[in-house]
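Just below is one structure, and these are the notes that go with it.
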Amino acid sequence: MSEVHLDEKVESGGLIAHLRPHLKGYGIIWITLALFLLLTVTTGPFFSEANLRNILDQQATLLIAASLATVAMIAGGFDLSISAVFVAAPLLALQVENATQSVLLAVVVGVLAGLFVGCLNGVVVAVLKVNSFIGTLATSFMVFGAGYLISDRRILQPETETFRKIARTRWFSLTTATWIALGVVLATWFLLSRTRFGRHVYATGGNPEAARLAGVRVTGVTIAVFALTGAAAGLAGVVSASRSLSAMPSDDFSFLFGVISAVVVGGTSIAGGEGGVWRTVFGAFFIAFMINGFNLHQVDPIWQRVIQGAVILVAVSIDAWARRRPAG
Amino acid sequence: MPTIALDDHVLLKGISKQFGSTRAIDSVNLTIRRGEVHALIGENGAGKSTLGKVLAGVHEPDEGSMTIAGKTVRFRSPRQALDMRVTMVAQELQLVPTLTAIENVYLGIESSRGPVVDDRDHRDRYQRLVQQSGIGVDPSRRVDSLSVADQQKVEILRALAREAELIVMDEPTARLTADEASNLLQIIRDLSVGGTTVVFVSHFLDQVLDVADRITIMRDGRIVRTSEAGSESTGSLVEAMIGRTLEANFPPKSPPDTTAETVLTVKGLGRVGSFEDVDLQVNAGEIVALAGLVGSGRTEVVRSVFGVDPVDCGSVEMLGSGVGLGTPRAAIASGMGMIPESRSDQGLMLRRPVRENASLPRLGLFSRLGMVLRRGEQESVQVATTEVDLRAASLEMPVESLSGGNQQKTMFARWLIERPRLLIADEPTRGVDVGAKRAIYELLAGLAEDGMAVLLVSSEIEEVLGLAHRILVMRGGRIVCEIDGIEASEAEVLEAAFGTSAEEAVGV
Ligand SMILES: Nc1ncnc2c1ncn2[C@@H]1O[C@H](COP(=O)(O)OP(=O)(O)OP(=O)(O)O)[C@@H](O)[C@H]1O
Ligand SMILES: [Mg+2]
């Protein structure tokens with residue numbers, strides 16, 4: 001029997017046809033780099049160490065949560081409760097810190113609280129078979145509510161210096177928040193691209209029935225990705241509390257919107273089965289550069305929103321176009 | 001039977017279509033006459049589906065010109081093709097699973113009063129359509145609750161409802177039983193007599209010779225020749241398709257070792273409404289076929305044995321120890337492997353690379369501490385895909401970009417990485433070309449000879465007769481008889497499957 005047949009006939013097509021394979025799947029990289037260059041050229045302060053360091057620091061909490069949200073999305077799950085956990089987990093952590101002065105315990109409790117909510121989401125979606133949009137929307141309300149109960153509707157502040165240092169220590173000129181985010185991104189990348197679990201995540205999102213028939217524990221994978229997303233949102237919340245030296249209850253979904261924008265602009269498919277953490281990293285920085293550029297150019301914040309929405313739409317459309325495959 | 005209408009319906013000149021580095025069709029010139037049944041045959045990946053899709057507007061050709069009914073056209077969408085009254089029944093089913101049969105049939109061509117869909121009119125038209133074509137499917141059933149064969153019928157009804165003058169049918173009989181297939185062939189003949197042109201893509205050469213007026217043979221994206229069906233024979237077609245002749249269709253059966261251990265024992269398996277009292281055994285080195293009509297419960301039984309669907313009673317044992325039912329994972333751990341009936345729904349992650357699809361159930365072999373060792377994976381997949389003669393530009397291509405037959409081979413390769421003790425193969429040669437079919441037969445026979453137990457479900461009676469050591473015939477959810485595979489005749493199997501004499505059965 002013959003070798004796997006390698007076809008080397010490459011023929012010429014139009015310019016667009018030539019461009020497409022290169023753009024295919026990597027559009028977000030080019031768009032982000034283009035924006036980077038544009039801002040470097042048009043604004044002096046953009047390409048300064050302080051500004052770039054600042055952007056990295058500001059993106060840290062988002063990247064922590066968005067990395068794992070990417071994993072959930074690839075597995076075919078959509079987690080709306082990220083915001084609620086992001087708000088409530090640090091409140092619990094700070095209560096623990098205030099009561100015990102133990103930072104380690106506080107962080108562990110904050111992350112475990114996220115993990116717990118994530119497990120609950122996972123069970124709701126995988127076992128009770130509730131659509132993940134609806135299921136995590138419902139748990140969101142519960143967790144937002146819990147945030148008010150935990151904090152007694154107050155703004156909480158850390159009492160120990162150590163807690164303040166979690167995100168704000170500088171190592172090699174970058175903040176620990178940045179390093180934590182880098183660690184989470186790398187770990188997630190490794191998980192997705194190098195491990196069996198990662199394969200099972202892609203398989204589950206790509207075709208759950210086929211995955212099950214191939215012996216993948218589809219239920220287990222789904223619970224695990226929600227649990228991890230919850231834990232990451234909890235960690236992001238704790239880091240954020242340390243950055244801002246406070247935490248307060250709210251029912252604000254805006255953190256979720258940032259996370260979802262980064263994941264989707266990066267090009268991870270909402271339909272599941274496709275995507276990657278590196279995409280989310282580019283998606284996050286694309287949006288961050290854009291906002292930074294607006295501020296440097298002193299664009300009216302109201303207009304910023306309008307333009308931001310439009311630019312995201314364009315970016316996503318270009319990516320979709322570049323990745324469009326012939327039907328069939 | 002040459003047709004009377006003489007004008008040319010379709011004229012293709014220098015049509016080419018390229019996917020990445022693969023030239024799927026290459027400077028194709030072809031004339032299709034109005035009202036003829038024009039068969040398109042060739043190996044897996046020869047470009048048949050691609051050519052069909054170009055005709056039906058699914059793919060826009062890179063080069064060349066296309067004239068339909070005297071007009072030069074350039075289709076950019078299936079809709080534009082439909083406006084020129086060209087449509088297609090695709091190889092991979094393309095229905096909306098959550099809609100009903102009738103909704104799918106009239107999707108996109110709804111009749112309406114103002115903005116309101118006229119369901120009554122749909123029902124009337126559906127009724128007429130079913131009467132005319134003889135293809136009956138319950139219109140109110142949701143498509144995802146229909147069997148694969150019924151879904152195929154819905155696809156055909158959909159094409160008929162569009163009142164197309166040219167219908168491309170890509171392997172329409174691959175999912176049908178023998179009698180359903182012969183029904184469809186009759187429908188195709190009727191359509192052709194009524195003036196509709198049919199492009200018929202198939203790997204079943206006897207059906208092609210039976211129904212086609214002219215036959216075009218493709219190879220590597222090019223046309224080898226177009227000829228009158230009357231001047232061809234199975235032998236001449238095969239030779240032109242694969243460039244060599246094939247001797248006997250099936251490898252010789254080695255008599256099974258009577259002292260071999262029993263690999264699979266199923267006792268009293270039943271599920272209310274599907275099947276009951278199923279007892280069966282498969283020994284090492286033995287190929288056991290489940291035969292029967294579509295709907296007789298064959299697929300349901302093997303799915304339950306593999307843990308895909310639940311059962312109400314009964315037990316499954318592998319090598320003497322019980323298997324936890326209801327999870328494929330336990331079945332795989334106990335030494336089973338399965339090639340499911342529908343590769344696209346139940347088998348493959350279409351957007352993932354061939355490599356990942358092939359290695360999925362055996363990832364553990366290439367993992368250390370949860371990490372996948374790419375090199376080992378790559379090598380094993382390469383060996384397995386070579387063994388089944390899978391052709392892909394690269395193992396990193398998404399499976400969806402492979403031709404139908406090569407997708408099926410990916411499913412096979414999956415279980416060659418590490419061989420299971422029992423292989424359940426549900427319609428294993430669906431959509432596979434003659435050469436590859438022969439290769440799969442040899443593979444199955446070889447695997448059995450090496451001691452694998454094989455449980456085969458097939459609607460192709462020759463396949464059952466040619467491969468099986470024992471044939472279990474199912475009817476109405478029960479195993480009604482066991483026939484020795486060495487001496488079995490077609491009539492005997494059909495008789496048991498229909499529960500009547502074979503003569504009546506064939507004359508459906
Ligand atoms: N969407 C696509 N993207 C990339 N390559 C494709 C695509 N569709 C088809 N091909 C390639 O084009 C070639 C022809 O495929 P095609 O599906 O037309 O074959 P076929 O003759 O219908 O085969 P089969 O009998 O297996 O169905 C194959 O090499 C296939 O891998
Ligand atoms: Mg095909």
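The values are calculated or read from the model by the stated rules, or taken from the named source; none is laboratory data. The model shown is predicted, which means the values in this text are computed figures rather than measured ones. Virtual Cβ from ideal backbone geometry, glycine too; neighbours counted across all protein chains shown. Surface areas here come from the heavy atoms of the whole protein model, side chains and all, with no ligands, DNA or RNA. Shrake-Rupley method; radii C 1.70, N 1.55, O 1.52, S 1.80 Å.
Some notes on this structure:
- Residue pairs exceeding 19 angstrom between C-alpha atoms, taken from B:Lys13/B:Lys71; B:Lys13/B:Lys53; B:Lys153/B:Lys409; B:Lys17/B:Lys153: B:Lys153/B:Lys409; B:Lys17/B:Lys153.
- By definition, a body whose alpha carbon gyration tensor gives a ≥ b ≥ c is rounded when a/c is under 1.5, and segment B:71-194 falls into this rounded group.
- The protection proxy used here, the mean number of other Cβ atoms lying within 10 Å of each residue, ranks peptides B:303-312, B:183-192, A:95-104 as follows, highest first: B:303-312, B:183-192, A:95-104.
- Prolate/oblate/rounded call for segment B:8-246, Cα gyration tensor, a/c under 1.5 rounded: prolate
- Karplus-derived 3J(HN,Hα) values for segment A:35-40, using 6.51 cos²θ - 1.76 cosθ + 1.60 with θ = phi - 60°, are 5, 4, 5, 4, 5, 4 Hz; glycine and proline are entered as x.
- Three-way shape call for segment A:45-318 based on the alpha-carbon gyration tensor, with the a/c threshold at 1.5: oblate
- B:Val457 long-range amide H proximity, modeled H, under 5 Å: B:Leu290, B:Ala425, B:Asp426, B:Glu427
- Magnitude of the charge dipole for segment B:349-415, about its Cα centre and with charges confined to Cβ atoms of Lys, Arg (+1) and Asp, Glu (-1), is about 180 debye.
- Under 14 Å, Cβ to Cβ, from A:Leu56 - net charge with Lys/Arg +1 and Asp/Glu -1: +2
- Rounded to the nearest 20 debye, dipole of the protein assembly as shown from Cβ charges on Lys, Arg, Asp, Glu: 3560
- R0 of 56 Å, Cβ-Cβ distance B:Lys13-A:His297: FRET efficiency to nearest 0.05: 0.50
- Helix A:132-151 axis, angle to chain A major axis (alpha carbon atoms, nearest 10°): 20
- Loop-resident trypsin sites (Lys or Arg not before Pro) (DSSP state other than H, G, I, E or B) in segment B:49-85 with no more than 14 further Cβ atoms inside 10 Å of their Cβ: B:Arg74, B:Arg76.
- Averaged over peptide A:193-199, the number of partner chain Cβ atoms lying within 10 Å of each residue's Cβ comes to 6.
- Under 13 Å from the B:Cys313 label point (7 Å along Cα→beta-carbon), backbone N, segment B:276-307: B:276-279
- Summary value for chain B: 15 percent relative contact order, contacts being C-alpha pairs under 8 angstrom separated by 6+ residues.
- Segment A:153-233: trypsin sites (Lys or Arg not before Pro) in DSSP loop, at most 14 other beta carbons within 10 Å: A:Arg153, A:Arg154
- Across peptide B:336-346, the mean count of Cβ atoms from other chains lying within 10 Å of each residue's own Cβ comes to 2.
- Calculated mean residue ellipticity, 222 nm, chain B: -9000 deg cm²/dmol, from DSSP H runs (n ≥ 4) at -39500 (n - 2.57) each, averaged per residue and rounded to 500.
- Where both bridge residues fall in chain B, DSSP classifies roughly 55% of the beta bridges as antiparallel.
- Span from the segment B:398-450 Cα centroid across to the segment B:339-366 one, whole angstrom: 13
- Peptide B:358-370, shielding by other chains (average Cβ, 10 Å cutoff): 4
- Applying both filters, DSSP loop and at most 13 other Cβ atoms within 10 Å, to the GluC sites (Glu not before Pro) of segment B:338-439 gives B:Glu396, B:Glu418.
- Relative contact order of segment B:8-246: 27 percent, from C-alpha pairs under 8 Å at least 6 residues apart in sequence.
- Axis of helix A:49-74 versus longest Cα principal axis of chain A: the two differ by about 70°, to the nearest ten degrees.
- Phi-derived couplings, Karplus 6.51 cos²θ - 1.76 cosθ + 1.60 at θ = phi - 60°, listed residue by residue for segment A:177-194: 4, 4, 5, 4, 4, 4, x, 5, 4, 5, 4, 5, 4, 4, 4, 6, 9, 10 Hz, with x used for Gly and Pro.
- Under a model in which nothing but the beta-carbon of Lys, Arg (+1) and Asp, Glu (-1) is charged, chain B shows a dipole of about 1960 debye around its Cα centre.
- Positive dipole terminus of chain A, leading residue within A:Ala69, A:Ala288, A:Leu149 (C-beta point charges): A:Ala69
- Counting only protein heavy atoms and a probe of 1.4 Å, the accessible surface of segment A:38-111 is 68% carbon and sulfur.
- On Cα atoms only, tilt of A:196-206 relative to the major axis of chain A in degrees: 70
- Here the spin labels are modelled as points 7 Å beyond Cα on the Cα-Cβ line, and at B:Glu63 and B:Cys481 they lie 6.0 nm apart.
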